[in-house]
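Written below as structure tokens is the structure these notes are about.
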Amino acid sequence: MPNYEYLKDIEKYGRENKIPILLDDTLEYISKILEEVKPKRILEVGTAIGFSALCFSKYLSEGGRIDTIEIESLRVEQALENIEKVGVQDKIRVLEGDALEILPYLTEEYDVVFIDAAKGKYLEFFEHALRLCKKGGYIIADNVLYKGMVQSDYNKHKQRTAVNKLRAFIDMVLENENLESKLIDIGDGITVSKKMR
């Protein structure tokens, strides 16, 4: 029996250690989608300490599974520990490595793809997400407004590339005719795309 009570500790640890984990209002919004979809398969790009995958695992249909990809080995270790503590090892599979090297080898269809990793690579992640997401499924990308920088004129040189890439990403998502997409200004901004064909 999963012990979801432990999620509070994981969230607290994440916030205290400045580990990027889902903001409450973003989680609430995504949870409503998952509740409706009752996904059998979820793909997540960017595991961190496993918080979002653990939250999403509550909404899997019977026998469902989440595949989540993480590049940092320390994070993988922490995520695996947290998955074990909650007791959902049968529901979450952590794939360690660079998502752009792992994604080309994935072949199954997913009901939901969640992107929350390197902001400068969202366009590339999305290409794979489109291929892997089944018709009628959802692709959700987090932090697309990047602390408000995407919508403002000012951005430091260091962030300029990521900001420009995120702007291009948002345009591409909203203009893609195979998707029904919206940009939602909650948390740090998310795009939600339903694959229509």
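Tabulated results
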quantity	calculated
For region 85-154 and region 1-68, distance of Cα centres in Å	13 Å
Accessible-area composition of region 114-185, carbon plus sulfur, in percent [1.4 Å probe]	48 percent
10 Å Cβ shell holding at most 15 others, DSSP loop, GluC sites (Glu not before Pro): longest site-free stretch of the chain	110-176
Which listed pairs, of Lys85/Lys182; Lys12/Lys40; Lys91/Lys165; Lys134/Lys165, have C-alpha distances above 27 Å, in listed order	Lys85/Lys182; Lys12/Lys40; Lys91/Lys165
Furthest towards positive pole of dipole, Asn143, Gln78, Met1, structure part the chain, Cβ charges	Asn143
Rounded to the nearest 10 Å², the accessible area of Asp67 at probe 1.4 Å	0 Å²
Cα convex hull volume per residue for the chain (Å³)	114 Å³
Protein-only accessible surface order, largest first, of Met196, Met149 at 1.4 Å	Met196, Met149
Two-site FRET efficiency, Leu23 against Glu101, from Cβ-Cβ distance with R₀ of 22 Å, rounded to 0.05	0.15
Computed label-point distance, nm, for sites Ile33 and Ile186 using a 7 Å Cα→Cβ extension	1.0 nm
Contour minus Cα-Cα distance for Arg93 and Met196 (0.36 nm per residue)	34.3 nm
Where the chain is the region considered: accessible area per residue in Å², 1.4 Å probe	52 Å²
At 0.890 mPa s and 25 °C, Stokes D of region 1-107 from Kirkwood alpha-carbon radius, µm² per second	176 µm²/s
Magnitude of the charge dipole, region 1-150, Cβ model with Lys/Arg +1 and Asp/Glu -1, debye to 20	280 debye
Accessible carbon and sulfur surface of region 1-111 relative to its total accessible area, %, 1.4 Å	49 percent
Glu72 paired with Lys85, simple spin-label distance in nm, labels 7 Å along Cα-to-beta-carbon	1.7 nm
Simple label model, 7 Å out from Cα along Cβ direction - Ser61 to Glu175, nm	3.6 nm
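The values are calculated or read from the model by the stated rules, or taken from the named source; none is laboratory data. If you're wondering where the values come from, they're calculated on a predicted model, not measured in any experiment. No Cβ is skipped: glycine too gets one built from the backbone with ideal geometry, and neighbour counts run over all protein chains shown. Keep in mind that these areas ignore ligands, DNA and RNA; they rest on the heavy atoms of the full protein, side chains included. Shrake-Rupley method; radii C 1.70, N 1.55, O 1.52, S 1.80 Å.
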